[in-house]
Amino acid sequence: LGDTVLRIDPETNEVAGRIQVESPFGVAADGSGVWVTSELNDRVHQFDPSDGRPVRTFDTADGILDGPTTIVIGPGGVWIGSDLESAVARVDLETNVIDRVPIDGITGGIAVDAVGDVWVAVRAQAV
């Protein structure tokens, strides 16, 4: 069962689908698809929720964001955190460009509020 993202049907509380992903960590979903971070291989994957088919993959290594973990979808794109770096990253879904945003510590979680602001919990200084 490892390396799998499960879709749970809230009506039946049963597993209704599976997507195979190497080293999945965080997951977020909306109308653009199911997004999964792969911490060990520095990637963020987008899947079609209807059939689990891969749509696209972003590599976050090489100075962008090592070890992506947390993920949220909001205005302006997909926001990604890491427990290895003092930064978050934003994937712009229109341009496919990934921007690095420095923060004051490592990411504990990310959320988007009703007006579109992105909130980042900072757990500690990066090691």
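For a quick check of your reading: which strands (runs of 3 or more DSSP E) sit entirely within the range 1-85 and have at least 3 residues that are under 28 Å from Ile103 (Cα atoms) and either open to solvent by less than 50 Å² (accessible area, probe 1.4 Å) or out of contact with any His (no Cβ under 6 Å at 6 or more places or on another chain) (or both)? Steps first, answer last, please.
Details: elements: 4-9, 14-20, 24-30, 33-38, 43-47, 54-59, 68-74, 77-82.
Ranges flagged: 24-30, 33-38, 43-47, 54-59, 68-74, 77-82.
Which of the residues spanning the range 86-96 are closer than 16 Å to Gly33 by Cβ and open to solvent by less than 40 Å² (accessible area, probe 1.4 Å)?
Val91, Asp92, listed by residue number.
Quick one: how many residues across the range 70-97 are under 10 Å from the mean Cα position of the chain (by Cα) and closer than 25 Å to Val115 by Cβ?
Qualifying residue count, the range 70-97: 11.
Quick one: would you say Thr60 is modelled with pLDDT of 95 or more and not hydrophobic (A, V, I, L, M, F, W, C)?
For Thr60, the condition - modelled with pLDDT of 95 or more and not hydrophobic (A, V, I, L, M, F, W, C) - is not met.
Which members of the range 86-96 meet the condition of being under 16 Å from Ala28 (Cα atoms) and assigned to a loop (DSSP other than H, G, I, E, B)? Quick ask: steps written out before the conclusion?
Narrowing the range 86-96 to residues under 16 Å from Ala28 (Cα atoms): 88-93.
Once the filter is applied, which keeps residues that are under 16 Å from Ala28 (Cα atoms) and assigned to a loop (DSSP other than H, G, I, E, B), the range 86-96 yields Asp92, Leu93.
In this structure, is Ser32 touching a residue at least 24 places away in the same chain (Cβ under 8 Å) and under 20 Å from Arg123 (Cα atoms)? It would help to see each step written out before you state the result.
Numbers: touching a residue at least 24 places away in the same chain (Cβ under 8 Å): yes; under 20 Å from Arg123 (Cα atoms): no.
No: the conditions fail for Ser32.
The values are calculated or read from the model by the stated rules, or taken from the named source; none is laboratory data. Everything quoted here is computed from the prediction, not taken from an experiment. Positions of Cβ are generated from backbone atoms using ideal geometry, with glycine treated the same way; all protein chains shown enter the neighbour counts. Calculation scope for accessible area: heavy atoms of the full protein, side chains included, ligands and nucleic acids excluded. Shrake-Rupley method; radii C 1.70, N 1.55, O 1.52, S 1.80 Å.
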